[in-house]
Amino acid sequence: MEKLITEGDLSILKNKDIAVIGYGNQGSAQATIMKDNGLNVIVGNIRDEYAKKAEKDGFKVYDIPEAFERADLVLMLIPDEVAPEVYKSVESIVNKKEGLILDFASGYNVAFGFISPPKTSDVIMVAPRMIGEGELLLHKQGKGYPVFLGVKNDYSGKAWEYAKALAVGIGAIGKPGGIAVKSSFEEEALLDLLSEHTWAPILVASIKAYFDIVTEKYGASPEAAILELYASGELAEIARAMADVGIFKQMKFHSTTSQYGQFSRAEKYYDILRRITEDEAEKIWNGEFAKEWSLEQIAGKPVLNRLWNIYTESKLSKSEESLYKILGRDKNE
Ligand code: NDP
């Protein structure tokens, strides 16, 4: 099979009953797009606000075990932290339903063995690289978006065809801008987590270090530092330009002084960042991080709570709060 896929045969899902479990960010968007694409979709959710919203949007809502009973294809669109516990509550239904197609929007739980569906199921992954709101917006504009596809169990021999068809069903491919990458549960988990463990925290740490140094040692005003760092929106524009024209081609939009500074320092930091990346990738790949995060959750997330406190109580956070008040930006939005 080709690595980059732009088409799938939606008709193989037309006679299937499809259950979306969870009507949150991904669930509400994917269910709505599949319904628009003529698929038979029901929702599985506990009786609460999410269920009411699904009913208001025109879906039949069942409790989660009943949705599993009714479906030929189940999309598990609940947070990764709670999915193993929910899966445990329906495992006996899955074990009985030979040929059930089980879809995940991320590789994490299956890759690290927190969910192990039986060999009698097709286990597929259709993992959007897009938030639900973005999926809906692009759907309305007649455009697609990127997804990663994976197959863990191919009981029917048609699992890849189902994954491609579902990528069409949720509006990712078969339209301009849409692309599916043939991947795996393990690869998706690695790529996703490695972003969260390398460039994203390095950006946060370096923004905080910059802010602390210029305000403490050089007398710069906190407002000027925050506007320069990210509040002006320039950082977001640079990220947009990377997506539109490419990471290096967007450098042409900066002055030559800036180009020289960026390239020469990137060269200087590369070796240390490569070592950090190698180390973090190894910890993800061998399951060490998954174990660390499981223990943290079992203990009631003490480290996460402590870190939230430290960062939100920092001078950067407090200065941002007063600047954003003046700018009329609501921090909670
Ligand atoms: P959300 O946090 O938006 O999911 C909320 C839904 O999950 C609600 O319907 C909620 O129902 C349900 N839920 C939460 N806790 C429980 C529980 N204990 N038991 C049963 N249902 C529960 O999740 P996302 O849409 O963000 O993520 C879903 C999947 O999509 C994940 O695998 C994620 O990795 C993946 N993904 C997410 C992306 C994103 O942008 N958010 C992008 C790509 C993939 P209620 O509270 O009523 O129980």
Over the chain, what is the percentage of antiparallel beta bridges among all DSSP beta bridges, to the nearest 5?
25 percent
May I have the count of lysine pairs in region 78-163 with C-alpha atoms under 21 Å apart, counting pairs 8 or more residues apart or located on different chains?
12
Theoretical gain in end-to-end length, Asp48 to Glu69 [0.36 nm per residue, Cα-Cα removed]
5.5 nm
Rounded to one decimal in nm, the spacing of the 7 Å Cα→Cβ label points at Leu227 and Lys291 is 5.0 nm
For region 199-277 versus region 75-135, the gap between their alpha-carbon centres in whole angstrom
37 Å
If you take the Cα Rg of region 57-157 and divide it by 2.2 N^0.38 Å, with N the number of residues, what do you get?
1.13
Just to be sure I understand the curve: with the Debye formula and one point per C-alpha of region 294-333, what is log10 I(q)/I(0) at q = 0.18 Å⁻¹?
-0.60
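In percent, how large is the relative contact order of region 4-183, given Cα pairs closer than 8 Å and 6 or more residues apart? List each step's numbers first, then the result.
Working: 403 pairs, mean separation 47.0, N = 180.
26 percent.
Could you compute the net charge surrounding Leu193? Neighbours are other residues with a C-beta less than 10 Å from the C-beta of Leu193; K and R count +1, D and E count -1.
Working: positive: Lys283; negative: Glu188, Asp192, Glu196, Glu280.
Charge balance in the 10 Å sphere: -3.
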Give me the number: length gained by fully extending Glu187 to Glu234, i.e. 0.36 nm times residue separation minus the C-alpha to C-alpha distance, one decimal in nm.
13.7 nm
Taking +1 at the Cβ of each Lys and Arg and -1 at the Cβ of each Asp and Glu, which of Leu190, Gly169, Leu307 sits farthest along the dipole of the chain towards its positive end, judged by Cα position relative to the Cα centre?
Gly169
Expected max-MSF residue from Pro79, Pro118, Pro222 in the GNM of the chain (alpha carbon, under 10 Å) is Pro222
Tell me, what % of the accessible area of the chain is carbon and sulfur with a 1.4 angstrom probe?
56 percent
Could you list log10 I(q)/I(0) for the chain at q = 0.10 Å⁻¹, which the Debye formula gives when each Cα is one point scatterer?
-0.73
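Sum -39500 (n - 2.57) across every DSSP H segment of at least 4 residues in the chain, then divide by the residue count to get the 222 nm mean residue ellipticity, nearest 500.
Details: 15 runs with 179 residues, N = 333.
Dividing the helical sum by the residues of the chain leaves -16500 deg cm²/dmol.
Using DSSP to call loops (not H, G, I, E or B), can you name the chymotrypsin sites (Phe, Trp or Tyr not before Pro) in region 241-333 whose Cβ has at most 14 other Cβ atoms within 10 angstrom? Spell out each step's value before the answer.
Details: sites: Phe248, Phe253, Tyr260, Phe263, Tyr269, Tyr270, Trp285, Phe289, Trp293, Trp308, Tyr311, Tyr324; in loops: Phe248.
Here the chymotrypsin sites (Phe, Trp or Tyr not before Pro) that fit, given the DSSP loop and packing criteria, are Phe248.
Per residue, how many Å² of accessible area does the chain show with a 1.4 Å probe?
Working: 18680 Å² over 333 residues.
About 56 Å² of surface per residue is accessible.
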Describe numerically, in nm with one decimal, the distance between label points set 7 Å from Cα along Cα→Cβ at Ser11 and at Tyr260.
6.3 nm
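The values are calculated or read from the model by the stated rules, or taken from the named source; none is laboratory data. Every value quoted in this text rests on a predicted model; they were computed, and no experiment measured them. No Cβ is skipped: glycine too gets one built from the backbone with ideal geometry, and neighbour counts run over all protein chains shown. Protein only, heavy atoms only, side chains kept; ligands, DNA and RNA dropped before computing areas. Shrake-Rupley method; radii C 1.70, N 1.55, O 1.52, S 1.80 Å.
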